[in-house]
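What follows is a short report on a single structure.
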Amino acid sequence: MSHLPRLAAGLLLICAPLAQPQEKPASAPSSPRSTVIVNAQVADGTGAPLKAVNVRILGDRIENVGNFLPRQGEDVIDAKGLVLAPGFIDIHNHSLGPVDVGTTASLFAKPDDRDAALFKDPLAETQISQGITTVVLGPDGFSVWPIGHWLDQRRQNPAALNLALLVGHATVRAEVMGTDYQRKATPAEIAKMAQLVEQGMREGAIGLSSGLEYDLASYSATDELVAMAAAAARHGGLYMTHIRDEADQSFRALDEEIAIGERAPIRVEHSHIKLGTTGVWGKAPEYIRVIEAARKRGVDFLADCYPYDAWNATIKVLVPNKQYEDPKSVAQALADVGGADHVTIVRFPANEGYEQHTIADLARTAGITPVEMYIRIIREGDAAHTEADVIGQTMTEADIKAFYQQPWVMVASDGGIGVGGTHPRGAGTFPRVLGLFVREKHWLTLPEAIRKMTSLPAQQLGWKDRGTIREGAVADLVLFNPGTVIDHATFAKPRELSTGIDTVFVNGKVVWRDGKATGERPGRVLPK
Ligand SMILES: [Zn+2]
């Protein structure tokens, strides 16, 4: 926003008492003051071309959209040069807290609520500075438990943005099987897990998440997932999944995911779609054909994609056959991702000296081979009951572009605050798509990019009053400069804030302005 509109709004605030000296401000809370945003180009979230219309906000709702004039006494924001869009909905967000790191140990740690990332950082500046107004938490199979208590805590300590929560498959599996998880579940255990999923849904979860590439969940059979997805579907939930393999077995893992969607049946959100090893690089067109065939058969299937060529997960996902100390398996795994210089340790409580170094670098320093270095990191982690968190730079731009250009692929960060902030996607995703993919590379139009950030996730979540700008919708809104919006977070500085996002409204309240949080915390637990 330029200086002018703030000045104009400020002047109106100063002038209002002069115009009506008798009126007491005490009436304000029962009849909230309206705000009109004028001169913006409006991307309404549907993908329709930009429109020059005014938008009036009253309370937590959009009251009017059109070519009307502001009324006397209203706050006016002059948004000349800016685009007004619905608030961005991040359907895959890791701002939950310590349970959310993808390790089996984290599931048994039973963290205190005060460890919740949104408890420690309720203003969530790395999120709202991107224009994110709602985060969906608990992806990849890892959620808190029990669901209801945690959501109550969030209602009592609201954050700057809205949140919704998934019930995690691995979380429920750990509840039922305990440490005896390295096997298929029995029918009785599966029945118990399905009951817990239903309990989570009744307590406010919006669906089931899974992360089948992660250790604890990797032992589960397809039937177990179908039963749990069916339990979520009975309560209107979705199934969001980090599939069993994003590397050489990507196609087989995709087939399983589609089968779960068809058998449950349930709508499917494919998390962070990617082709992450040399063996499948360049195969996006084929992958897309499999998904389109399923969609034609009636499978309700959408996907999300983060705008980076590197992933972030635990070190063990690199070796799919779980032979973490077998030199041959490890050598194959490192070759598959393009070499040990493609893997950087970003978080390793057992030995922080390794952080921010590639496995290739660490091996050179230690005077050993990269394979030996990998095994050393596994052993040091196992001894300390932890696992290194790594970044693997293993995706190709051609595949990312192909995915982004599909109408059923939305934008999601797979990042967040707290432990979700070790990859630049945690602070940069949405501005990066707008600045790099739209403005610089012309991969997609601005209205289409906005649709992927707003109405498409809202559709997947079944939310009718968010994700578009129309009369009566909730006033989650973002004003940004389409000529300058860009990310600044890097792998070395993953929490660097993005710029170009001017003003962010959550439920009608301004949470971000002038490059900083306003301190307002109007966030709600969604959908109710
Ligand atoms: Zn994941």
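Taking interchain pairs and intrachain pairs at least six residues apart, which have beta carbon atoms under 9 angstrom, with the first residue in the stretch 260-274 and closer than 14 Å to Leu238 by Cβ and the second within 16 Å of the ligand (Cβ to nearest atom) and aromatic (Phe, Trp, Tyr)?
Once the first residue is closer than 14 Å to Leu238 by Cβ and sits in the stretch 260-274, its partners that are within 16 Å of the ligand (Cβ to nearest atom) and aromatic (Phe, Trp, Tyr) give Ile260/Tyr239; Gly261/Tyr239; Ala264/Tyr239; Ile266/Tyr239; Arg267/Tyr239; Val268/Tyr239; Glu269/Tyr239.
Mind telling me which of the residues Gly81, Gly131, Gly138, Gly66 ends up being within 16 Å of the ligand (Cβ to nearest atom) and in contact with a strand residue (DSSP E or B) (Cβ under 9 Å, 6 or more places away or on another chain)?
When all the criteria are applied, what remains is Gly138.
Kindly indicate which of Leu82, Leu123, Leu165 is farther than 30 Å from Ala230 by Cα, modelled with pLDDT of 90 or more and within 19 Å of the chain's Cα centre (by Cα).
That would be Leu123, the only listed residue that is farther than 30 Å from Ala230 by Cα, modelled with pLDDT of 90 or more and within 19 Å of the chain's Cα centre (by Cα).
Write out, first by first residue and then by second, each pair whose Cβ atoms fall under 6 Å of each other, whose residues are 6+ apart or on separate chains, and whose first residue, in the stretch 287-306, is under 15 Å from Gln460 (Cα atoms) while the second is polar (S, T, N, Q).
Every condition considered, the pairs that remain are Leu302/Gln460.
Considering the stretch 403-426 alone, what residues qualify as being among the hydrophobic types (A, V, I, L, M, F, W, C) and in contact with a Gly (Cβ under 9 Å, 6 or more places away or on another chain)?
Result: Ile417, Val419.
For the stretch 180-207, name all the residues that are in contact with a Phe, Trp or Tyr (Cβ under 7 Å, 6 or more places away or on another chain) and either hydroxyl-bearing (Ser, Thr, Tyr) or within 21 Å of Asp465 (Cα to Cα) (or both).
Of everything in the stretch 180-207, those that are in contact with a Phe, Trp or Tyr (Cβ under 7 Å, 6 or more places away or on another chain) and either hydroxyl-bearing (Ser, Thr, Tyr) or within 21 Å of Asp465 (Cα to Cα) (or both) turn out to be Tyr181, Gly207.
Of everything in the stretch 455-490, what is under 21 Å from Leu434 (Cβ atoms), of a type in the set (Val, Ile, Thr) and either crowded, with 22+ Cβ neighbours inside 10 Å or in contact with a Gly (Cβ under 8 Å, 6 or more places away or on another chain) (or both)? Give them in sequence order.
Scanning the stretch 455-490 gives Thr468, Ile469, Val478, Thr484, Val485, Ile486.
May I ask you to verify whether Arg432 is buried (at least 19 other Cβ atoms within 10 Å of the Cβ) and charged (D, E, K, R)?
yes
Which of the residues belonging to the stretch 45-82 are within 23 Å of Leu456 (Cα to Cα), out of contact with any Lys or Arg (no Cβ under 7 Å at 6 or more places or on another chain) and part of a loop (DSSP other than H, G, I, E, B)?
Those that are within 23 Å of Leu456 (Cα to Cα), out of contact with any Lys or Arg (no Cβ under 7 Å at 6 or more places or on another chain) and part of a loop (DSSP other than H, G, I, E, B): Ala48, Pro49, Leu50, Val53, Asp60, Leu82.
Restricting to helices (runs of 4 or more DSSP H) lying wholly in the stretch 340-432: which have 2 or more residues that are free of Cβ contacts under 8 Å to residues at least 12 places away in the same chain and out of contact with any strand residue (DSSP E or B) (no Cβ under 7 Å at 6 or more places or on another chain)?
Because the criterion is at least 2 residues that are free of Cβ contacts under 8 Å to residues at least 12 places away in the same chain and out of contact with any strand residue (DSSP E or B) (no Cβ under 7 Å at 6 or more places or on another chain), the helices (runs of 4 or more DSSP H) in the stretch 340-432 that meet it are 359-366, 370-383.
Assess whether Ala366 counts as being closer than 30 Å to Lys441 by Cβ, surrounded by fewer than 17 Cβ atoms within 10 Å (Cβ to Cβ) and small (Gly, Ala, Ser).
When the stated conditions are applied, Ala366 does not pass them.
Using the structure shown, decide if Tyr219 is more than 21 Å from the chain's Cα centre (by Cα), within 30 Å of Thr394 (Cα to Cα) and aromatic (Phe, Trp, Tyr).
So Tyr219 passes the test.
Let's see how each residue does on (1) within 16 Å of the ligand (Cβ to nearest atom); (2) within 21 Å of Ser329 (Cα to Cα); (3) surrounded by fewer than 22 Cβ atoms within 10 Å (Cβ to Cβ):
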position: Ser210; (1), (2), (3): yes, no, no
position: Met228; (1), (2), (3): no, no, no
position: Ala233; (1), (2), (3): no, no, yes
position: Leu238; (1), (2), (3): yes, no, no
position: His242; (1), (2), (3): yes, no, no
position: Asp248; (1), (2), (3): no, yes, yes
position: Asp255; (1), (2), (3): no, no, yes
position: Ile258; (1), (2), (3): no, no, yes
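The values are calculated or read from the model by the stated rules, or taken from the named source; none is laboratory data. Note that this is a predicted model, so its numbers are computed, not measured. Please note: Cβ atoms are built from the backbone with ideal geometry, for glycine as well, and neighbour counts cover all protein chains shown.
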